[in-house]
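Enquirer: Sending over a structure as structure tokens; questions will come in a sec.
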Amino acid sequence: MTLRRRLRQQQTLWLLSPIVPCHRKDLRSSRHSVSMPRLQIYALVPFLLLLFVGTVCGAMIVPFMGFFIVGGLGYPPWTISIYAGALSCLAIIVNRQFARLIDGGESAFPLIGIALGGYLVASLALSVIPAFWTVLTFGVVGFGLSASAVSTMFSLGARLAEQHEIERSRLNAFMRATTSTAWMVGPAVSFLIADQLGKFAVFRLGATLAVIWLALWWWVAPRDATADSKDKAAKDRDEDGANPGLWFAATFVFCLSSAHSLTFSALPLFYVQEVGLPGYAPGIAFSVKTFVEVLAIFSTPILIARFGIRTPLIATSLFAVVTIHILALVQTYPQMLAGAAMEGLYYGFYASLGISFVQSHAEDRPARATAIYWNTLMISGILAGPAVGLIAQAYGFRTVIQIASLVALFAAAVLFLSPRQFKVSTSSPP
């Protein structure tokens with residue numbers, strides 16, 4: 001009985017202590033802190049809509065141009081490399097210059113306008129004069145400028161995350177999910193329009209969407225969102241390239257992106273020509289992959305909050321090795337669907353974790369880090385095309401996918417053996 005009385009007295013003292021109102025206040029503040037990021041994300045819906053429309057415009061053109069050059073204009077397949085090489089070189093240069101301007105304190109608003117202006121001019125030119133010389137002039141310049149839009153939007157998103165006090169990894173997840181959804185829509189729309197209304201109608205639709213993109217840019221894009229201008233010492237240090245962590249992260253991204261690009265380029269022909277699946281199978285596989293990818297992207301902020309960035313990235317790289325190897329063993333339609341879901345899972349994690357990993361080494365130049373990330377993806381895609389052709393010509397598409405699995409393993413080894421002293425930040429600075 002004495003023990004029970006003592007316990008009751010202690011409970012009474014605890015309930016009557018001043019901790020109670022403080023605890024309730026903390027509870028209210030915690031509820032407020034949980035609801036505020038949700039409200040801030042909702043406030044960025046117009047910005048995400050701007051990103052979605054711009055990405056749909058690009059996603060309509062990127063996979064369609066090769067088909068248009070060969071099937072629409074009647075040129076041999078090797079001519080695609082002329083267009084792709086010239087456009088990629090211009091896009092890399094523009095991304096680098098725009099990133100330098102943003103990090104120097106320039107507004108991203110006119111840079112997005114230049115990108116969508118280039119897209120609009122190129123689409124109108126190809127709608128009026130659908131010729132190969134138009135592709136190599138207006139197409140290369142216009143679509144090359146428009147390729148900078150996504151990188152610029154992600155650089156702007158990093159700045160908005162700071163202004164709205166949103167975790168950068170959380171906003172990255174929403175932006176990557178937006179771009180992935182746009183890539184679900186864009187290619188399907190362009191090829192559907194080409195099949196039903198003709199190949200030239202794709203550019204007319206692109207010009208129409210560009211007008212919508214233009215209106216959203218004018219009304220939605222913030223005109224005053226700029227990065228903090230750096231001091232001269234920081235600029236001199238960055239010009240010397242003294243940021244080994246950033247370039248190391250870019251090396252990892254290049255390796256795993258190369259593995260994905262090899263797989264992405266080889267799988268459609270592997271499924272149809274070597275496995276014997278129906279012609280619509282690659283499209284179904286791509287849709288399944290993208291759907292799972294979006295779900296995975298939204299779960300990455302939870303992984304980052306619990307485990308950081310490095311550990312989930314290592315696990316994602318190892319899972320990519322297993323997934324790509326399984327894709328090389330596909331023999332039936334259900335196996336293809338299961339492999340596509342696994343591919344979407346690993347690539348969704350990588351897409352969101354990868355950009356956060358690169359941005360974590362940005363120091364005082366976030367736009368530069370974002371541009372390096374997107375340029376690395378672009379370069380890996382450029383190199384994957386010729387590599388797939390050469391390897392498949394000699395050994396087949398299954399061998400291409402098996403080599404991609406080894407490349408993913410190398411990426412995992414690079415990350416696993418990396419020095420641990422690099423500081424990884426998972427949220428935006430206050």
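Enquirer: Where only protein heavy atoms count, and the probe is 1.4 Å, what is the accessible area per residue for region 369-413 in Å²?
Expert: Each residue of region 369-413 exposes 43 Å² on average to a 1.4 Å probe.
Enquirer: Can you tell me the relative contact order of region 265-357? Whole percent, Cα pairs under 8 Å, sequence separation 6 or more.
Expert: 42 percent
Enquirer: Pulled fully out, how much extra length does the chain show between GLN335 and LEU417, if you take 0.36 nm times their separation in residues and subtract their Cα-Cα distance?
Expert: Result: 26.2 nm gained on full extension.
Enquirer: Suppose each label sits 7 Å from its Cα in the direction of the beta carbon; what would the ILE129-VAL211 distance come out to in nanometres?
Expert: Between ILE129 and VAL211, the label points sit 2.3 nm apart.
Enquirer: Please compute the net charge surrounding ALA341, taking Lys and Arg as +1 and Asp and Glu as -1 over other residues with Cβ under 11 Å from its Cβ.
Expert: That works out to -1.
Enquirer: Just in region 133-223: which trypsin sites (Lys or Arg not before Pro) are loop by DSSP and have at most 16 other Cβ atoms within 10 Å?
Expert: Listed in order of number, the matching sites are ARG223.
Enquirer: Could I ask something else about it? Return the FRET efficiency for the residue pair TRP247, LEU269: r is the Cβ-Cβ distance, R0 is 25 Å, and the value is rounded to the nearest 0.05.
Expert: The calculated FRET efficiency here is 0.15.
Enquirer: Next up: With r as the distance between the Cβ atoms of ALA188 and TRP219 and R0 = 22 Å, compute the FRET efficiency 1/(1 + (r/R0)^6) and round to 0.05.
Expert: 0.20
The values are calculated or read from the model by the stated rules, or taken from the named source; none is laboratory data. Note that the coordinates shown come from a computational prediction; the quantities given were computed from them, not determined experimentally. Ideal geometry is used to build each Cβ from the backbone, glycine not excepted, and the neighbour counts take in all protein chains shown. Accessible surface is based on the protein model in full, side chains and every heavy atom, while ligands, DNA and RNA are left aside. Shrake-Rupley method; radii C 1.70, N 1.55, O 1.52, S 1.80 Å.
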